[in-house]
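Student: My structure is below; once you've seen it, I'll send some questions.
The values are calculated or read from the model by the stated rules, or taken from the named source; none is laboratory data. These figures come from a predicted structure and were not determined experimentally. Positions of Cβ are generated from backbone atoms using ideal geometry, with glycine treated the same way; all protein chains shown enter the neighbour counts. Side chains included, ligands, DNA and RNA excluded: accessible areas come from the protein's heavy atoms. Shrake-Rupley method; radii C 1.70, N 1.55, O 1.52, S 1.80 Å.
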Amino acid sequence: MKLTSLVPEARSRLRESSRIELGKGGLWTHRLRGGPLLLSCTAGSVWITREGEPNDVVLEAGASYGGEGRGLLVVEALEPAQIAVAAGEARRTARAALERARAALAGARGSWLVLLSLAALYLIWGSTYLAVSIALETLPPFLLAGVRFVTAGALLYGVLRLRGVPRPTLRQWGAAARVGVLLLVFGNGLVVVSQQWVSSGVAAVVVSTMPLWLALFTTVRVGRGEGASAGAPEVSRGEWLGLLVGFAGAALLHLGGDLHAAHVGALLVVLAPVAWALGSLYSRTLPLPAGSMAVAAEMLAGGAVMLGISALAGERLAAPPSARSLLALGYLTVFGSIVALSAYTFLLRSTRPAIATSYAYVNPIVAIALGILLGGERASATTWAAAAIVGAGVIIVSRSRH
């Protein structure tokens, strides 16, 4: 649910006020004791949970939330944020009732958007592994990935510019290039290269360890005393347990032989989630463009580097690409890069991070099933077991953090 305003009469009668700064992931709690309260988000965005209320609320900068009665109110910063809190005596008005009705309608609409966005992430990102396998039938890996991200980045960049979004500065382009190399050239490019020798299901299971690497690197930053500046929380026992369980599932793929291949390039897939996690962590400290423009700039920069690697590696088309490969490339560009990424961005802004990242333990199941049904692949009992164990580890880490 998202609220954007509160009754002016109620706002004017609130007397005591204070401003609170919250780092990303920071919490502020307040127990209501019968009187009204007005909470305004003056910067960033926050997640509000109230005891006894079935729906949570996401506030972005400029939006307000009003409540009265009793119960615990919990505010979590989705990014560095500032909130203004005022409490006093106010009365309910007809306009307040209208505001609550509008909020309820917005919440219902938001629930459907959340469900649709989750479905897009689960199905689209889960199917991209099979699409990559099909595209690789007649397209070399770095040429395939480079064309995909340059095209998607150009389309997104053009739409954003038409909507009046400012161009990135030279400094922001540099930051986007660094993140794009980690996330796309290494994070995605190594997956594409390795899928020349491993099945889409095995690749998806290995990539699903990304949240575990991210948690591990965050742990290292906390241990070095960098966690406070990055907003990193202390690592709990539950997180350690989740890391051990998840990496045990990844080890099973190695010990079980599912990553054994004639070509050593198959092992590159192991480095892909490491690079993605490093890029995700690194991006928090860089001056990236705001909103979706950062994604467009990262895709343009990362895609351009991939095309350069393709040229240096001497990738050539042995024959004109097949219709199957071109259709798969179009699917990856439009749906895998633009639609699913937009859904992911929406979920990050509108739901808890644990919900937005739940794709990590659903995508492998979708990828394995589609590989069997549509790609003619086979999944051993080891692959299924590894997917279940890695998924359990990711769930434990996510629940321990929230």
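Student: Between a first residue in the range 60-80 that is more than 19 Å from G44 (Cβ to Cβ) and a second residue that is of a type in the set (G, A, S) and at pLDDT below 85, which pairs have beta carbons less than 7 Å apart while being 6 or more apart in sequence or on different chains?
Tutor: Hits for this filter: G66/A10; E68/G35; G69/G34; R70/G34; G71/G52.
Student: When the residues of the range 126-154 are narrowed to those that are among the β-branched types (V, I, T) and open to solvent by less than 30 Å² (accessible area, probe 1.4 Å), which ends up nearest to P289 (Cα to Cα)?
Tutor: Among them, the one singled out is T128.
Student: Please go through the range 281-301 and give me each residue that is crowded, with 20+ Cβ neighbours inside 10 Å and within 17 Å of F186 (Cα to Cα), ordered by number.
Tutor: V295, A297, E298, M299, L300, A301
Okay, residues lined up against (1) over 30 Å from L370 (Cα atoms); (2) at pLDDT 90 or above; (3) not aliphatic (A, V, I, L, M):
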{"position": "E89", "(1), (2), (3)": "yes, no, yes"}
{"position": "A94", "(1), (2), (3)": "yes, no, no"}
{"position": "A101", "(1), (2), (3)": "yes, no, no"}
{"position": "L118", "(1), (2), (3)": "no, no, no"}
{"position": "G158", "(1), (2), (3)": "yes, yes, yes"}
{"position": "R171", "(1), (2), (3)": "yes, yes, yes"}
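Student: Within the range 220-249, count every residue that is at pLDDT 65 or above, of a type outside the set (K, R) and out of contact with any Leu (no Cβ under 8 Å at 6 or more places or on another chain).
Tutor: 10
Student: With (1) under 18 Å from N188 (Cα atoms); (2) at pLDDT 90 or above as the list, and T138 as the residue in question, which single condition is left unmet?
Tutor: (1)
Student: Restricting to the range 371-395, what's the tally of residues that are in a helix (DSSP H, G or I), under 20 Å from S127 (Cα atoms) and polar (S, T, N, Q)?
Tutor: The qualifying residues number 1.
Student: I'm checking my understanding of the structure. Among residues of the range 256-279 that are open to solvent by 40 Å² or more (accessible area, probe 1.4 Å) and at pLDDT 85 or above, which one is farthest from L190 (Cα to Cα)?
Tutor: L278
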